[in-house]
Structures are given as C-alpha cells and as structure tokens.
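Structure provided below as structure tokens; questions to follow.
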Amino acid sequence: MRVAVVGATGLVGSTFLKVLNERDLGITELFLFASSRSAGKKIDFKGKECLVEELREDSFKGRDIDIALFSAGGEISLKYAPLAAQEGILVIDNSSAWRMNKEVPLIVPEVNPQEAFKHKGIIANPNCSTIQCMAPLKILANKYGIKRVVYSTYQAVSGTGHKGIVDLEEGLKGNPPKTYPHQIVNNCLPHIDVFLDNGYTKEEKKMIDETRKILDLPELPVTATCVRVPVINSHSVSINVELEKDFDIDELKKELASLDGIILLDEVEKNVYPLPVNATGKDEVFVGRIRRDESVKYGVNLWTVADNIRKGAATNAIQIAELFKDRF
C-alpha cells in the first residue's frame, strides 16, 4: 500500500507516523507533505529516511498513492482533499471540513465500519471528544434505546496542538497566554473553538451533530458543554444518558467490557477509574464510574477517557485505513 501523510510534521501528523510504525498496514512507499516551512526535513520511518515535500496542487499527480491521511487543518483539506480524490486516492481527513457533508462517511471503526465503504473518495475522522463516546453510546442505543445525551468534557491542551501545550508550559513559568484568551494554569476554560450565535461553541456543536450522524439518530436530543483543562494530554468526558427502557448495571458493564477497543475500569472501592495519565499513549477508550442517574426513570452516567491525539485522531484514522487494507 502506498500511503501519504499530509501535515506530517504537526502534532497529529507525527503521531500518524508513530502509529503507522507500530501497526502493520503493509506500506510499500510513504509520501510526506507539509507546508513550505517544513519542506526538506527528513523523517525516519521504519529505518528509512523520508523527505518532507511541500504540499502543492500537483503533489498527488502520477504518484499512484492509495490512501492519504490528512491532518493539516480545514482550509487545507477543503482545497487539497478533492484534488487527491480526483487522482483515485482515498482521503481520510482529520479536520472538521468534511464531517457533516452528506456525501462523506463519518467513521468510528468500532461503531459504523460498514458506512466507510460508501465513500466517494473522502472519509471523515470525527472530533476527538466525539470518538471516545461513540462505542459506549452505540451499545446503549442498540440494547436500550437512547432518549437524550448530555456531554460535559474536560479537554487537554494538546487538543489545541503544540501551541496549547506551550501555553500551559509557559503559564507554569508565570508567562501570559498566547493562544488561550485566559491563563490555562490553575484554570478551566468553558470555551473551545469560537462561540456561535446560540451561545454554544463550535466544539459543542461538533459533538452534537457528529453524535447524531455516527449513531444514525438524526433527531436525537444531545447537548454539550466543552471545557479546556490544564492537562497536557487525554480528554475526559462525562456522559449522561437517558434511556428508553430499564437496564441492569452489571449487565451493562459486561457489555462494555466485551467490546473491542474499550477497557473497563470501574472498581470505585479500590479507587479504580479512568484517568488521563493512564490513557496517554494508549489506543483504547477507558470507561468507568458507571452508575444510575436517579433523577430520571432510566438514566445512566459514564466517564470516558482517551488519548485525544492517538485514538481521538491518528489511531482512529489509521483504523479506518485498515478497513481497506486488502483492497490495495
């Protein structure tokens, strides 16, 4: 398989390469693209030195690339993903540019892999916070039916890229923020992405819209509050779900524990529950604090934690690529 990585020198792009190095996608040739600032750099991949090229409109012509993994921002994806697709390349895009396009599948491989094969050249990778919630919610939807979902997120600064990490590190030295509107040190910012006219942020809208699309429940009532917290890596999400019918907690835990890609950590008597420090560097979604919401008839609370750069971006995209491993 001939694979391209667009945005190869960014935080997610470099993680693409790390995960590709760990997993066997059967890569025979690797192409690396980035901005003019990074062009000319050399990156080691499985013992071979690969040259980073400047991304240009003709970068994909005559290369016979099979899959292109994009993580260079929405504007780049809007311009260059169609150019790649026109060359017969399957684009898996990590930006928000294509997620809500009706012609573009939005995929979490553990949840809706069959939808990936309906692509027309582009497949979208969901928002990092959305990804880690989908497998648990799919189980609940299939088994009990879902009436309503309420998200509260606690999102790490790496979700903003290198510049978010720098804001936290510099803030610890007493320096003012350059990326966030307020200091992130010793603080929580209920502000991720821009505010919309209805008072929600774009990040909150992403979680709402993407949940409905991935679960194929277009009318599902969903609300979200997304918060940036002073943690370097791995997002945490509190999920409150109102179900259509009653459930057994122990049975639900067994269902979650049996799902590929989920690790159940729920022994509160031993202080065992998912933590960002334990999820970092892992590809699984960690789930715990499962308990009844006694304020409604059939309510349940879950706590999920996942590495937002790996499972929330790079690994999920590569798992999508693996669905097509035998087709190239």
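The values are calculated or read from the model by the stated rules, or taken from the named source; none is laboratory data. In this text, all values refer to a predicted model and were calculated from it rather than measured experimentally. Note: ideal-geometry Cβ built from the backbone for every residue, glycine included; neighbour counts use all protein chains shown. Note: areas computed on protein heavy atoms with side chains; ligands, DNA, RNA excluded. Shrake-Rupley method; radii C 1.70, N 1.55, O 1.52, S 1.80 Å.
Identify, from the list K41, K46, K61, the residue that is open to solvent by 50 Å² or more (accessible area, probe 1.4 Å) and farther than 26 Å from R327 by Cα. Step through it out loud before you land on a result.
On the way: K46 fails: farther than 26 Å from R327 by Cα; K61 fails: farther than 26 Å from R327 by Cα.
Of K41, K46, K61, the one residue that is open to solvent by 50 Å² or more (accessible area, probe 1.4 Å) and farther than 26 Å from R327 by Cα is K41.
Now for a different question. Consider R148 against the criteria (1) in contact with an Asp or Glu (Cβ under 9 Å, 6 or more places away or on another chain); (2) among the basic types (K, R); (3) in a helix (DSSP H, G or I): it satisfies all of them except one. Which criterion is unmet?
For R148, the failing item is (3).
Mind counting the residues in region 224-248 that are open to solvent by 10 Å² or more (accessible area, probe 1.4 Å) and among the aliphatic types (A, V, I, L, M)?
Matching residues across region 224-248 total 4.
Anything in region 49-58 that is within 19 Å of T28 (Cβ to Cβ) and surrounded by fewer than 14 Cβ atoms within 10 Å (Cβ to Cβ)? List them, or say none.
E49, L51
Right, another one. Within region 81-108, can you find the residues that are open to solvent by 20 Å² or more (accessible area, probe 1.4 Å) and either in contact (Cβ under 8 Å) with a residue 60 or more places away in the chain or of a type in the set (K, R) (or both)? Before the answer, list the steps.
Going through region 81-108, the residues open to solvent by 20 Å² or more (accessible area, probe 1.4 Å) turn out to be 82-83, 85-88, 94, 96-98, 100-103.
Result: N94, S96, M100, K102.
While we're on this one: Let me confirm something: among K163, K120, which residue is open to solvent by 50 Å² or more (accessible area, probe 1.4 Å), part of a loop (DSSP other than H, G, I, E, B) and either outside the structural domain of D193 (by the TED database) or in contact with a helix residue (DSSP H, G or I) (Cβ under 8 Å, 6 or more places away or on another chain) (or both)? Can you show your working first?
Numbers: K163 fails: part of a loop (DSSP other than H, G, I, E, B).
Result of the check over K163, K120: K120.
Restricting to region 203-223, give me the number of residues that are without any contact (Cβ under 8 Å) to a residue 60 or more places away in the chain and open to solvent by 60 Å² or more (accessible area, probe 1.4 Å).
Taking region 203-223 and keeping what is without any contact (Cβ under 8 Å) to a residue 60 or more places away in the chain, we get 204-205, 208, 212, 218-219.
From the residues that got through so far, the ones that are open to solvent by 60 Å² or more (accessible area, probe 1.4 Å) too are 205, 212, 218-219.
Matching residues across region 203-223 total 4.
Which number in (1) polar (S, T, N, Q); (2) open to solvent by 10 Å² or more (accessible area, probe 1.4 Å); (3) closer than 25 Å to S14 by Cβ marks the one condition that Q114 misses?
(3)
Any residue at all in region 13-27 that's open to solvent by 70 Å² or more (accessible area, probe 1.4 Å), within 19 Å of D283 (Cβ to Cβ) and part of a loop (DSSP other than H, G, I, E, B)? Quick ask: steps written out before the conclusion?
Restricting attention to region 13-27, the residues satisfying the condition of being open to solvent by 70 Å² or more (accessible area, probe 1.4 Å) are 18, 21-22, 24.
Filter once more, keeping what is within 19 Å of D283 (Cβ to Cβ): 18, 21-22, 24.
Restricting the remaining residues to those that are part of a loop (DSSP other than H, G, I, E, B) gives 24.
Yes: region 13-27 contains one or more residues that are open to solvent by 70 Å² or more (accessible area, probe 1.4 Å), within 19 Å of D283 (Cβ to Cβ) and part of a loop (DSSP other than H, G, I, E, B).
In addition: If I ask for residues that are β-branched (V, I, T) and closer than 16 Å to D283 by Cβ, which ones from region 98-148 would you list? Working first, answer last.
Our first condition is that a residue be β-branched (V, I, T); within region 98-148, this holds for 104, 107-108, 111, 122-123, 130-131, 139, 146.
Passing the criteria: I107, V108, V111, I131.
Any chance you could count how many residues in region 52-106 are more than 22 Å from S36 (Cα to Cα), among the polar types (S, T, N, Q) and assigned to a loop (DSSP other than H, G, I, E, B)?
Counting residues in region 52-106 that are more than 22 Å from S36 (Cα to Cα), among the polar types (S, T, N, Q) and assigned to a loop (DSSP other than H, G, I, E, B) gives 2.
May I pose another question? Out of T179, T153, I need the residue that is of a type in the set (S, T, N, Q) and either touching a strand residue (DSSP E or B) at 6+ places or on another chain (Cβ under 9 Å) or surrounded by 19 or more Cβ atoms within 10 Å (Cβ to Cβ) (or both). Which one?
Going through T179, T153 in turn, just one is of a type in the set (S, T, N, Q) and either touching a strand residue (DSSP E or B) at 6+ places or on another chain (Cβ under 9 Å) or surrounded by 19 or more Cβ atoms within 10 Å (Cβ to Cβ) (or both): T153.
Does A313 count as among the hydrophobic types (A, V, I, L, M, F, W, C), out of contact with any strand residue (DSSP E or B) (no Cβ under 6 Å at 6 or more places or on another chain), buried (at least 23 other Cβ atoms within 10 Å of the Cβ) and within 19 Å of G159 (Cα to Cα)?
Details: among the hydrophobic types (A, V, I, L, M, F, W, C): yes; out of contact with any strand residue (DSSP E or B) (no Cβ under 6 Å at 6 or more places or on another chain): yes; buried (at least 23 other Cβ atoms within 10 Å of the Cβ): yes; within 19 Å of G159 (Cα to Cα): yes.
Yes: the conditions hold for A313.
Against the conditions (1) buried (at least 17 other Cβ atoms within 10 Å of the Cβ); (2) among the β-branched types (V, I, T); (3) over 20 Å from Q132 (Cα atoms), where does V268 fall short? Just the number, please.
The one condition V268 does not meet is (1).
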